[in-house]
Structures are given as C-alpha cells and as structure tokens.
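> One structure is given below, represented as structure tokens, and several questions about it will come after.
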C-alpha cells in the first residue's frame, strides 16, 4: 500500500463486545445458522430487563402478588361472614324463641349479628380499595414492560437480520423472516404483558390460598391437596404441548406466508404463465398442514383443561367429606372454618386452573420468540456492523486475486472458481467475459465480500479483504447490477442511498452523468416522484439510469459494472457509456460484460471458462490471437463510434414530458383501511361492502355447522356445571347447618355430585374445545385461501395501488386471519358463561328476589368496565394495523433486496426508518397501558364492593323478616357467579371487535371486484393463428390517470410475421405487451386477435398462446424443471423440457449440476446468474409452443456467445409464429418483417430495416449511435 493509504486498526474490542451483547438468545440451535461462520451469544429473553424495565417488572410482580393474595384473604372474611349467617339461621330473631335447636350452632343476638355484618363489610371495602390500586399497578407495569421489551426485540431482530451474511440469506425465505416481525413478536407481547401479569397474580393467589388453608386446618388442606400434583403435572404437560404445537403451527403457516409473498411479488409472471392453479394448490396444501396442526393443539387443550377441572371438583368432594368427618368426630368444631379453608383452597385451586391458559400464553410467547432469538443471537463472520478491521478511507484501488478457489455454500458440489489469479493496478479498467455461470459475477461478489474464498486470498492495496473493515470496504465500492433494485421512496431518496452525505447538487450531477436528469425534470414532481415498490412506476431503462446515478454519487474508488447498460436503448446507452467512461477515470473498474461494445477501451480483458481464466490481454491482443475471444467477436462485432451528435436525436424525435413520465404515485402513502372507525367506514363504503357482521363470519364458515352445533352443545354442558355447583354448594351449606348425627348420609350423596360435575365438565369442555377449535382453524384457512384466490383474480392495476403492496397483503394473511378465529376459539368460555349467568340468576331470584334484583342492577357496572376495555383495544388494534403495516413494508423491502442493501451499506438507514415507524405505536401503547390498568382495576375491585353491599343489604332484609339468613347467602353466592361470568363475557368483546375489524379487511380482499378475472373460465377458447390488430388505442395507467401513455396507437401484425418496436425508454413499448397479456384493459380503441376482440377471448387460453419473455426474468423457489413447465395446463414430458432447454442453450449447464433438472434455484432464482435465469425463462416460453411470442429484450442478459445461439433458437422458434419484439439493441431486430418506431405513445414510422435505413432520419440516427455489423 502507498504512503497515502491510511490503515487504521480499530482497537475497540470492548465496544464491539458491548455491541455484540445488545442481543437476546435462545438455548436451541438453528439448522439455518452455520456455526463456522457466526459467533453465537447466549442471552435469554429477559436480558434487556434492566433499569426501568427491571423496576417495572419488580413493581408489577409485587402488585400482582398482593392482588393475588387478596382473594384468599376474601376467603377468611367470607368464612367469618358464613359463620355469622349460619348462627343467625339458628337464632331466635329468625326462627323464634321456641324454635332454636339446642343441638345446632350457637345462636347469635340481633345486635351482635348487625355489628358483625358491618365489621366484615368494612373488611370487604378495605380489600376492594387495595385490589383497585394493586390491579392498576400490576397491569400498567406489565403492559409497559412487555411493550418496551418487544419494541427492543423488533428493533434488534431486524438489525440482526440485516447484519447476516449473504450465504445465510441463500437458505432463507423473505416471507418467513418478515412474518416473525409481525405475528411471532405479537405473540411475545401478549405472553409477557397482561397475561403474564395474570399468571403471576394467579400463582400468588394459589400460594396464598393454600397458605390460609394450612393455617386454619392443615389436615383438611392436605386432603384437598391430594389432587394438586395431578393438576400441576397436567397443566405443565399441556403448557409444554401447547407451546410446541403453536411453534409448529406458526412454522407451517410461515410456509404459506412465504408462498403468498413470492406470488404477490411476482404477480406479473404468475399471470402471464397461468401459474394460478399451481400457486392455489401450493397455498392450499400449506394451509391444510397448518390447519391439521392447529386441530391437534385444541385436542391437547381440551384434555389438559378438562382433566384439571375433574381433579378440582374431585378435591372439593374429598374436602367436604373430610370436613364432615371432623364435625362428626368433634361437634364443637367451628363449621365456619370448614368454609374458610374450603374457599381459600378453592380460590388457590381455581387460580391454578386459571393460570394454565396464561401459562400456555407464556409458553407460546417463548416458542414464538425462539426463532427470533436465534437470529438475534448470531453474529456473522462477515459483519457489516463490526468496528474491527482496517479502515480504507484513502484507498488507492490496487486489486489482487491470488489462487482463489470458491464454492457457493448452498451448492458445495459446484466448483465455481478454480485457482483464479489476476492483478489490477489503481485506475486500471478490466473486463470479465465468458458464458453465463462461468464465475464472472462471483468475482464481483467476492470483491464486495459477500462471501470469503474457499481457498486463496483477495487483496486490496495489498491487504487481505478479511482484515479490512466490511463497512469501510463497501463504502469505497460502487456497483451497478444487471437487475437494478429501487426502493419505495422518491427518486432523490433512492439516489442518496448511494451516499447519505451527498448534497442536492451532487445528486443532480450524478443524474446528469447517468443521462437521468432530463427525464426526471420532466416528471410533475421531479426528484420528489415516488418510484413505487421495486420501482414499478418506472420503465427498465429509467430504473437502470437511476441505479447508475446512485453508484456515481458515491464517488467510489472501485467501480463494478455488471451489464450496467443492458436495459438502455441505443441512444441512452451511448450517452451513459460515455458518462461511465468519464466516471471510470482515476478509478479501478471491473466490467462484467456480455456486450462487447462496452469493453473495447478497457486495459485488459479476462476470458473465463468453467471457473478458469483461459485468455487475457487487451482487445487488440486477444483479437490477434484468434482464440476464444476472437470467436466470440465473430458472433457479434460491435463498433461504437464516439461523437458529439448523439443529442441531435432529441431534435428529431420531440419527446413530450408524458412519454417519460414515471408511473407516478402519490407522495402520501395509501392510508390503511383501518386507521380509525370513521375511516374504516369510509373505506368500506368506497369498496361497496357493508361492515362485517358476526352473522356474516358465521355464515362464511357455514359448511362447518355440524362442528359448530357440537361445540355449542359441549359449551352448554360444561357451562351448566357452574350453576349446578352453586345449587350443590347451597345444599352442602344446608347440610353443614344440620346437627352432627344427621350429616353423614347427606354428605356422601352431595360429594358424589361434585365428582359427577367434574366428569361432566371434562366431557363438555373437551367436546367444545375440539369442535369449535376445528371451526376456528377451518375459518382461518378458508379466509386465507379465499382472499388469496380472489387476489389472483385481480389485474395488475390492483397491485400498482400503493394500498396493495406485497408487505401489506402479507400482513393481512399473517395477522388478521388468526384474529378472526377468536370468534370460535373463545366461544366455549363465552357460551358457558352465558349458561352460568342464566342459571345463577334463576337461583338468585328463586331464593330472594329482593336482594337479587338490587344486585343485578349493579351488574351493568361490570359491563361498563368491559365496554371501556373494548374501546381501548379497538383503538389500539386500529393504530397498530396501520403503523405496523408501514414498518413491515420497510422491513420486507430491506430483507427482500438484501444484496443491494449490503452493497450500499444502508442497513442502518433501513433499521432507523423501521424504528421511526415503530416509535408512534410504541408511545401510544405505553399510554394505553395506564388506561387499560385503570379499567382492569375497576372491574377487579368492583366485586368486593358488591360483596359488601350484598351482605349489608341482606342483613337489612333479615332484620325485616323478608329473607332467611341462609337464603341471603345463597343469593349472594349465585349473583357473585353471575358477576364473574359477565366479566368473562365482556372480556370477549374486544376479541369480537378485533375479529370484526380483521374480517372487514379480509372480506375487502375476498370480495374486491376486478375488471379482468384471471381465473375466469368464460370467453372463447380456440387456437390462435396470430393475426393481431391494434386500432387507435388510448391508455393511461390507473394509478396515474393524468399521464397519457398510449395516444392513438395503431398497428397490424400478420400471422407468422415478426414486428419490432423501437423507441426511447418509457415511450409505451412495454405497455403494448401488458395490454396483449391483458394485464390491463385499454381506455379507448380495440385490440383484435384473429378477428376477435381480445376481451372476448378466454384469458387463460389467451395467455397460454401469447407468451412473453421479459427483460427481468422471475423464477420461483422450486426446481429448474418445475420452473420451465411452470403454469402449463398439461403434462409436460421430460423430453419436451430438454428440447426447450436445448433451444435456449441452457441444457448443457443444467446437466453439469449435481441434481440436473431437479436443482432448486432458490428464492427468486438467487442460485443462478442473470444469464442463466434469462435462458431458463426463454425455455419456459418455448416449452409452450405459443402462437404469439412477445420478447421484451429477451437476450439482453446473455453473453455474446450465448446470445448468438439463443437468437438463432428464437429465430427458429419464430417460424410460423407471430412475434412482437421490444428492442434497444438493433442487432436483435434488423431481420424483422416490420420495425415500428414508437414516440409519444403512437407509431411515427415503420418499415423493414433496409427501408428505414434509406428513408427514416430517426432510424438512421439510431443506427449511427450503435452500428451493428455481423460477420458471417
């Protein structure tokens, strides 16, 4: 390295260690993480519980413990109050002086009765105030803690994903990774928020209950505890099973999510190839696996909860039997203590049972977090966040490859580079040429340190890349790839991604160099124009020029050009190539080239073949050798003339602003249809769909009515157990007031009733959970499938709408569909509660209608608490839906285009943007936690105040001889059950609102109409010969109706003829292809095929016979063979696949792979080079034997050797077929029957190549810019 090159070792290991510890961990391994390439930390989910979080957790835990202990304290008060009323039942002011039973309980005087009742009522009031305070603190602290923890988890999970090296992404699916941010982390938030608070509260109640029981009667408590181990063991087993099944269920549904993400992001390819049936089948099969997994989960839940309750009811029977033996053996034993112990242990046992679902939620949270934590836990060897390594701020640009061998980690059997050695001095310009897949792009990947060599070294300025700081290295390298990736933002924002410190003037200058400034200025919003998701609002050439500007604004020391001008028309290519030549001055430049026109002036050319450099030298030296490179040039000799006259073309072809307008999108993001109640109503009205009713949800799942009825029957059975328990308890109460010698026979009968109730509960709950669980899972599956199916019907205009971006649609599937199933999965508890309420009210009014009536009037207060809670959760759901959608969209973009993010060093920018989108819902949810805490406290403490009122008013009715003391107790007991059940019912209301909101969003997708139904069976089905007539067609894209794209376009194509369209980028050539594929309908005019209006033809039949090969090919995550026959509606033989592959010059390459045609290409074909993907796309078209072939720069990604063979294959394939070619490269179209020049949305001139050369000044200008001479 030279003296002016700075080498700065970063001796900040302590800081790096500190940064590496800002992660969480899981204790399980992940098969997708190669431990040889990562460093694993081992921090658990509570690692971040420090400072304020620790204080919140401790305070919330203390409050939950006190709150939990309050209910067993209630048992002491209740036991004392019970003794008072039992004694009153045998007192003279109730039964009369002569009717007091001397063998019964000790009587009580009226004054003592009143004073004792007042004392215990005061105890209730004090407990009520304590419960209010502790309930509020408990919920507010735990909800705040969960929100803060998940907020950190979200941030660190995306940060961890963006730091992983490329080989990790080769094995991942984008949909799986981004699903974790929404669905899995929401489960974590739920499991560590209020549900965890309730778990602590109920566990404290369990301990306190048994503590009170032991204090007053250890023997009776031990008897009741006989079933406790069974309850605990069954609960633990259920929790573990539920967590496991939930994790498996999430993983299976993540597969379906990945299919949806792949389909929506590649919807043009799916439409054009009729891939709908395949995607529907794949999606259905993935959903079916998830449904079956979910059903098993509910089976476990039914057994676990049912068995726990059976054990509890059996323990009650045992307790009352044992209590009776204590009284029989010692008639002076305080019978009130029996009820104190019973209620205390009952409270403890009930709390233990109630804790089980919350324990399951906690287990679910752990299961959901495990995959997230494994990613956060791993620190890759090639770490863009690392501060270690040498900084290369003043890099010279010397590059050296020394005996470099390389195999891709995902394809270790393929030896890509076999001992490559080459040297570049600073400022050198070299070109790498060779057939597709020979290792050229691998050189580019190694230079950016996406991978490390298997053997050998790569050096820059004499320093091994493994010793250089990764971030610093990539800052010095500018790359323009073959397939440009733009992000959803403005043009200005996209260009500044190349250099976040660039000024506006520098951005404009970079655009001028890339020949992009002129077309950007003509846009209505200029540099503020939004480019849409993946840059869909721009043409291919426009996207490529912005990508070039993004590389140039970086002012890099090393420039990597991977077919940087392949997407440009001939005029723009000359200007951009000149700009790139100028930009290369003083920079080390490596050009991966298939098109020899771009490499004539480089210093050296390296010819690759099968992973080796077989020739090297200057252009002249290689030509004189007459070797491999000479043979390539014989296929296509390109002479590019450097002259200043290029801009004269604009004087000949007057381009209006409209011809270059991007597919303009609103600078305001589309507002989610669920931002608020009012906006939801407006959106539903706009969609012409009514708000979703509960009836509509039930009707949608009508085919499962049998299971639904079974579930309701089961819920009725186990719901009736509670009011029966109240009756049985009342009789036990009555039995215990009898003299000792009359007790035994009655006790045996009523204890047997307790056991019978336990069995009934088990049968009822198991039946209900399984039946309604099946309904819920079927509903989830049906909603997802029907929404997916209707989305496949939609035309491309639907997907151009910002409201329907891939990230937002996938969020609907990941989070909204499970929310709707709450209607069924929570229904057993609600139905049982309703049955309990009816039974309890009946008992209450039967024994004392006066007191029951007064207490029932208080019940609306409980309903009011539930209503307030509903309002808050509704608002939170709406806010989260909108704001987390936007955050999810940012994350999805970053992960999907991770190579571009790594190249640009923009991990921190995407992470920052994601965090900014999280800030508002985070702050809002923290405030919401306090409101939720207050409402929860109100509903929890109200029952204590009702107890005080009940007994005080009851004592008044006893004084007035209106009620018997025992009846007061029976009425109170019945109404208290009623109040608790209403609490359960009102807790269901937020789930109903959440379900209705989610259903509205899903039914919006399910019922959305489309003018072009891609799944329609209607229309004319007939063989197409290929006569195409386009008459006076006008067209504007639906998302930018003010921009005129086609303005009276007229063209006739005779069957079997080849017509080429030539024109500037953005002039409407690709739009014609879209109209012929019926991606859109034209606004005016008519398109006829074989004399039939294209709208009258069956759309599947049309697309089967009109086949398109696009500029940027999209492959699917399956085998090469499956990709070639993707979407065909017949059984394609192996021989047909091979023939198509041979015609596309890809057969020999495929045979060289270990798995041949069964080789998986990876997500979006990442395992293949651009040229390999293009040739597979061509084979995919040829295997269909279409009548009409649409070629949109079909050979642009091929090297010259492959291009000649493929072009010959395409020429042969054109025979007998109508062919429409879009071309920037005149070599591909000069033999066309007709060449049509497109400008301002219409054809200005047409003729053969020879005719246009003679008479067309416009065409002559094109040819002067790029003259092609073919040597035979």
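The values are calculated or read from the model by the stated rules, or taken from the named source; none is laboratory data. No experiment lies behind these values; they were computed from the predicted model shown. Here the Cβ positions follow ideal geometry from the backbone for every residue, glycine too, while neighbour counts run over all protein chains shown.
> Which of the helices (runs of 4 or more DSSP H) found entirely inside segment 1116-1222 contain at least 2 residues meeting this: at pLDDT below 85 and under 23 Å from residue 445 (Cα atoms)?
1170-1182, 1200-1214
> Let me ask something additional. Among the residues of segment 392-416, which ones are over 21 Å from residue 462 (Cα atoms) and not in a loop (DSSP other than H, G, I, E, B)?
Of everything in segment 392-416, those that are over 21 Å from residue 462 (Cα atoms) and not in a loop (DSSP other than H, G, I, E, B) turn out to be 409, 410, 411.
> Quick check, is residue 80 on the phi > 0 side of the Ramachandran plot and more than 36 Å from the chain's Cα centre (by Cα)?
No.
Conditions (1) touching a helix residue (DSSP H, G or I) at 6+ places or on another chain (Cβ under 9 Å); (2) assigned to a loop (DSSP other than H, G, I, E, B); (3) surrounded by fewer than 22 Cβ atoms within 10 Å (Cβ to Cβ), marked per residue:
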| site | (1), (2), (3) |
| --- | --- |
| 1060 | yes, no, no |
| 1064 | yes, yes, no |
| 1067 | yes, yes, no |
| 1072 | no, no, no |
| 1080 | yes, yes, yes |
| 1086 | yes, no, yes |
| 1095 | no, no, yes |
| 1101 | no, no, yes |
| 1108 | yes, no, no |
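> Out of all the residues in segment 1146-1155, is one or more out of contact with any strand residue (DSSP E or B) (no Cβ under 8 Å at 6 or more places or on another chain) and at positive phi?
no
> Tally the residues that are within 24 Å of residue 546 (Cβ to Cβ) and surrounded by fewer than 23 Cβ atoms within 10 Å (Cβ to Cβ), restricting the search to segment 1042-1058.
Number of matching residues: 3.
> Now a separate question. Look at segment 217-228 and say how many of its residues are farther than 14 Å from residue 320 by Cα and surrounded by fewer than 20 Cβ atoms within 10 Å (Cβ to Cβ).
The number of residues fulfilling the criteria is 1.
> Still on this structure, please answer the following. Can you confirm whether residue 453 is in contact with a helix residue (DSSP H, G or I) (Cβ under 9 Å, 6 or more places away or on another chain), at pLDDT 90 or above and on the phi < 0 side of the Ramachandran plot?
So residue 453 passes the test.
> Continuing with this model, one more query. On the basis of being outside the structural domain of residue 536 (by TED's automatic domain parsing) and either more than 28 Å from residue 537 (Cβ to Cβ) or surrounded by fewer than 22 Cβ atoms within 10 Å (Cβ to Cβ) (or both), does residue 812 make the cut?
no
> Within segment 731-746, is there a residue that is modelled with pLDDT under 80, closer than 21 Å to residue 310 by Cα and either surrounded by fewer than 22 Cβ atoms within 10 Å (Cβ to Cβ) or in the same structural domain as residue 306 (by TED's automatic domain parsing) (or both)?
The answer is yes; a qualifying residue exists.
> I've got another one for you. Quick check, is residue 179 modelled with pLDDT under 85, surrounded by 24 or more Cβ atoms within 10 Å (Cβ to Cβ), on the phi < 0 side of the Ramachandran plot and in a helix (DSSP H, G or I)?
yes
> Is it true that some residue in segment 332-339 is in a helix (DSSP H, G or I), under 59 Å from the mean Cα position of the chain (by Cα) and within 14 Å of residue 227 (Cβ to Cβ)?
Looking through segment 332-339, none of the residues is in a helix (DSSP H, G or I), under 59 Å from the mean Cα position of the chain (by Cα) and within 14 Å of residue 227 (Cβ to Cβ).
Each row is one residue, and each column tells you yes or no for (1) at pLDDT below 85; (2) closer than 25 Å to residue 60 by Cβ; (3) in contact with a helix residue (DSSP H, G or I) (Cβ under 7 Å, 6 or more places away or on another chain).
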residue: 162; (1), (2), (3): no, no, yes
residue: 174; (1), (2), (3): yes, no, yes
residue: 200; (1), (2), (3): no, yes, yes
residue: 208; (1), (2), (3): no, yes, yes
residue: 214; (1), (2), (3): no, no, yes
residue: 218; (1), (2), (3): no, no, no
residue: 224; (1), (2), (3): yes, no, yes
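> Checking residue 359 against (1) part of a helix (DSSP H, G or I); (2) in the same structural domain as residue 449 (by TED's automatic domain parsing), which test does it fail?
Among (1) part of a helix (DSSP H, G or I); (2) in the same structural domain as residue 449 (by TED's automatic domain parsing), residue 359 violates only (2).
Residue-by-condition table, conditions (1) without any contact (Cβ under 8 Å) to a residue 24 or more places away in the chain; (2) out of contact with any strand residue (DSSP E or B) (no Cβ under 8 Å at 6 or more places or on another chain); (3) surrounded by 19 or more Cβ atoms within 10 Å (Cβ to Cβ); (4) not in a helix (DSSP H, G or I):
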residue	(1), (2), (3), (4)
901	no, yes, yes, no
919	yes, yes, no, no
924	no, yes, no, no
941	no, yes, yes, no
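> Tally time: how many residues in segment 1089-1102 are within 22 Å of residue 1038 (Cα to Cα) and in contact (Cβ under 8 Å) with a residue 12 or more places away in the chain?
Residues flagged as within 22 Å of residue 1038 (Cα to Cα) and in contact (Cβ under 8 Å) with a residue 12 or more places away in the chain within segment 1089-1102 amount to 4.
> While we're here: Of everything in segment 394-438, what is modelled with pLDDT of 85 or more and on the phi > 0 side of the Ramachandran plot? Give them in sequence order.
Hits for segment 394-438 are 397, 403, 419, 427.
> Can I ask one more? So which residues in segment 518-539 are buried (at least 19 other Cβ atoms within 10 Å of the Cβ) and in a helix (DSSP H, G or I), if there are any at all?
519, 520, 527, 533, 534, 535
> Considering segment 1224-1267 alone, what residues qualify as being at pLDDT below 80, surrounded by 20 or more Cβ atoms within 10 Å (Cβ to Cβ) and assigned to a strand (DSSP E or B)?
none
> May I pose another question? Of the residues 249, 288, only one is assigned to a helix (DSSP H, G or I), out of contact with any strand residue (DSSP E or B) (no Cβ under 7 Å at 6 or more places or on another chain) and surrounded by fewer than 21 Cβ atoms within 10 Å (Cβ to Cβ); which?
On inspection, the qualifying residue turns out to be 288.
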